[in-house]
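Undergrad: Take a look at the following structure, please.
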Amino acid sequence: VYFASRDAGVKWWNGSAWQTLGSLSAPIVDIDGSSETDIWAAQADGTLQRWNGSAWQPINVPVLVRHLDVRAANSVWVVGPSTAVTAAAVAHFDGTMFTTYTDPSLLTTEAFVSVLAIADNDVWVAGPLGQVRHFNGQHWIDSASRVTTDRLASFSVMQKIGDVVYAAVFNGFIHRYRGQLTGRLG
């Protein structure tokens, strides 16, 4: 079991006690991994670090990382503002390099805040106002509707359960994605 906190860094349970997993210079805002030698951490300053089993290594990525989803060591998805242009960005690591998708229609202050990678041809990102986009392996497809007019009500977490994608929103509501429509539950 691994967890990260803003003030205590990354901790892991070794079977009998909690231990600190190396040290990082900035607080952690998101953590995910595919094995005990492949853990990724997004730091509060937007930098990305990777644990290789013995040390943290900085990863050069063209995104100030806000959220990440690790499917495997050769399939890591990150979202946040682009570091190359004034735009929101999604980047995919294939084990060798990052492929970056940018959206100039979203300013860096409105960057995507959540990503769910079910497969490399089934990726969901969420941005401001409950905007949802789906990547089918070739194209990004916008949701036909947004779930709110509240700029602070972005999806914070997305999860697929069965054939349905659910999302929790900062304003406390849960939404379900149905084809091209996102409906609020409750």
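Undergrad: Could you work out how much longer the chain between Ser5 and Met97 gets when fully extended? Use 0.36 nm per residue separation minus the Cα distance between them, nm to one decimal.
TA: My answer for the length gained is 30.3 nm.
Undergrad: List residues of the stretch 52-66, by number, whose backbone nitrogen lies under 13 Å from a label position 7 Å along Cα→C-beta of Thr83.
TA: 58-66
Undergrad: Sticking with this one: Roughly how many nanometres apart are two label points built 7 Å out from the Cα toward the Cβ at Gln138 and Asp122?
TA: About 1.8 nm, to one decimal.
Undergrad: Moving on to the next point. Rolling a 1.4 angstrom probe over the protein chains, ignoring ligands and nucleic acids, what is the accessible area of Val29 in square angstrom, nearest 10?
TA: In the full protein context, Val29 sits at about 60 Å².
Undergrad: Can you tell me what percent of all Cα-Cα pairs in the stretch 1-95 are more than 22 Å apart?
TA: In whole percent, the long-distance tail amounts to 24.
Undergrad: On to the next question. 5 Å is the cut-off here: which amide hydrogens, built 1.01 Å from N in the peptide plane, fall below it relative to Gly9, excluding neighbours closer than 5 in sequence?
TA: Correct list: Ile28.
Undergrad: Can you give me the long-range amide H partners of Ala87? Hydrogens built in the peptide plane at 1.01 Å from N, cutoff under 5 Å, separation of 5 or more residues or another chain.
TA: Amide H to amide H, under 5 Å and 5 or more residues apart or across chains, Ala87 pairs with Ser82, Thr108.
Undergrad: Something else: Can you give the local net charge around Pro58? Use residues other than it whose beta-carbon is closer than 12 angstrom to its beta-carbon, Lys and Arg +1, Asp and Glu -1.
TA: Local net charge: 0.
The values are calculated or read from the model by the stated rules, or taken from the named source; none is laboratory data. Please read these numbers as outputs of a predicted model, since none were measured by experiment. All Cβ positions, glycine included, derive from the backbone under ideal geometry; neighbour counts span all protein chains shown. Accessible surface areas use protein heavy atoms only, side chains included; no ligands, DNA or RNA. Shrake-Rupley method; radii C 1.70, N 1.55, O 1.52, S 1.80 Å.
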